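Below: one structure, written as structure tokens.
The values are calculated or read from the model by the stated rules, or taken from the named source; none is laboratory data. None of these values were measured; they are calculated from a predicted model. Here the Cβ is made from the backbone with ideal geometry for all residues, glycine too, and neighbour counts use every protein chain on show. Heads up: the accessible areas ignore ligands, DNA and RNA and are worked out on the full protein's heavy atoms, side chains in. Shrake-Rupley method; radii C 1.70, N 1.55, O 1.52, S 1.80 Å.
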Amino acid sequence: MSKNTRPTSIIGVENGFGAGNPACKDGPRVLKALGMLGGIGDAEHVLRWDEEISLGDHPQDKIRAVARIAAELAELTYRHLMEGDRPLVLGGDHSCAIGTWSGVKRYLGHSARLGLIWIDAHMDSHTFATSPTHNIHGMPLACLLGEGEPCFTRIAVPEHKLRPEDVCLIGVRSYESEEAAFLRQQGVRVYLMEEVQQRGMQAVFDEARKHVCAATQGYGISLDIDAIDPLSAPGVGTPVSGGLRLNEVVAALSEVHDDEKLLALEIVEYNPWLDRHFITAHSIRQLCRAIVTA
Ligand SMILES: [Mn+2]
């Protein structure tokens, strides 16, 4: 691996319009107010809060609201990469992924390929045709693969942002059959929680990293904190028991934090109002420390 020299720059996305419970929009603001990400980093590994984006409280139309946020975020991740930073997007609900990775794809260029490791208890691969809830945070991966509303699939650049063979999911344990069928038909590699338990997170993560790097010019990590066991991350809208151990995810991030090919990361779905004793906030601090300084 060539060594990363980019400073990490946090972009807070105060948006919960894609989730059933919109209060995860307060995640970045609460982490900042608690000083939870202070004192991370050193002279060689800089971490700085950059900016927050938000839309205000009561949008008339959730689809337009989420699309507007995604377009704004795509512009920001693109600009930060151009300026030599590594963006760390803090959600907000997972619909922000549409924006994050559209901006990263724009930065890489039309003919380049982007890899993505999607760590999540869910598949997030619905469309409006298959989703029982119509919550957009259940759709971002399908959108990035080119499936879904044009206002989501055409952000930043018109082409599909990801090729299915450049994507891996890790930690999945709750999904609908339509999503599983879509990903299977696309040929996306999914490491269900069962496989992670059998083989160990480190083996699975190493294999996933090789997979998403094989034919790509750079890759990212999208971490939905509901992938982590609710014991270490209770502050999420849709907790599912039997998840990844926090220390395994921290170890995985530490392993790649200095990898020059790792272009951007996101940590999403923290809902501070559902947290207990700041357990989730402390877990996020550990994850961010692993990303910045290992
Ligand atoms: Mn998710």
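Couple of notes before you dig in:
- Tabulated pairs, the stretch 202-215, first closer than 14 Å to Ala112 by Cβ, second in a helix (DSSP H, G or I), C-beta under 6 angstrom, 6+ apart or interchain: Val212/Asp166
- No other residue among Gly18, Gly41, Gly27 is touching a residue at least 12 places away in the same chain (Cβ under 8 Å), over 15 Å from Ala264 (Cβ atoms), under 16 Å from the mean Cα position of the chain (by Cα) and part of a loop (DSSP other than H, G, I, E, B) apart from Gly18.
- Taking the criterion of being within 16 Å of the ligand (Cβ to nearest atom), touching a strand residue (DSSP E or B) at 6+ places or on another chain (Cβ under 6 Å) and not in a loop (DSSP other than H, G, I, E, B), the residues of the stretch 226-248 that qualify are Ala227, Ile228, Leu244.
- Every residue from the stretch 179-208 that is charged (D, E, K, R) and open to solvent by less than 20 Å² (accessible area, probe 1.4 Å): Glu179
- From the options Ser125, Ser95, Ser102, residue that is within 16 Å of the ligand (Cβ to nearest atom), closer than 16 Å to Leu265 by Cα and of a type in the set (Ser, Thr, Tyr): Ser95
- Looking only at the stretch 44-61, residues that are outside any strand (DSSP E or B) and open to solvent by less than 50 Å² (accessible area, probe 1.4 Å) come to 4 in all.
- If only residues of the stretch 14-32 that are touching a helix residue (DSSP H, G or I) at 6+ places or on another chain (Cβ under 7 Å) and more than 16 Å from Glu72 (Cα to Cα) are counted, the one that is surrounded by the most Cβ atoms within 10 Å (Cβ to Cβ) is Gly27.
- Leu169 without any contact (Cβ under 8 Å) to a residue 60 or more places away in the chain and either open to solvent by 10 Å² or more (accessible area, probe 1.4 Å) or not in a strand (DSSP E or B) (or both): no
- Residues being within 11 Å of the ligand (Cβ to nearest atom) and open to solvent by 20 Å² or more (accessible area, probe 1.4 Å) - total across the stretch 128-145: 2
- Applying the criterion of being more than 16 Å from the ligand (Cβ to nearest atom) and of a type in the set (A, V, I, L, M) to the residues of the stretch 112-122, the residue that is nearest to Tyr270 (Cα to Cα) is Leu114.
- The lone exception for Ser2 - which of (1) modelled with pLDDT of 95 or more; (2) over 24 Å from His137 (Cβ atoms) it fails: (1)
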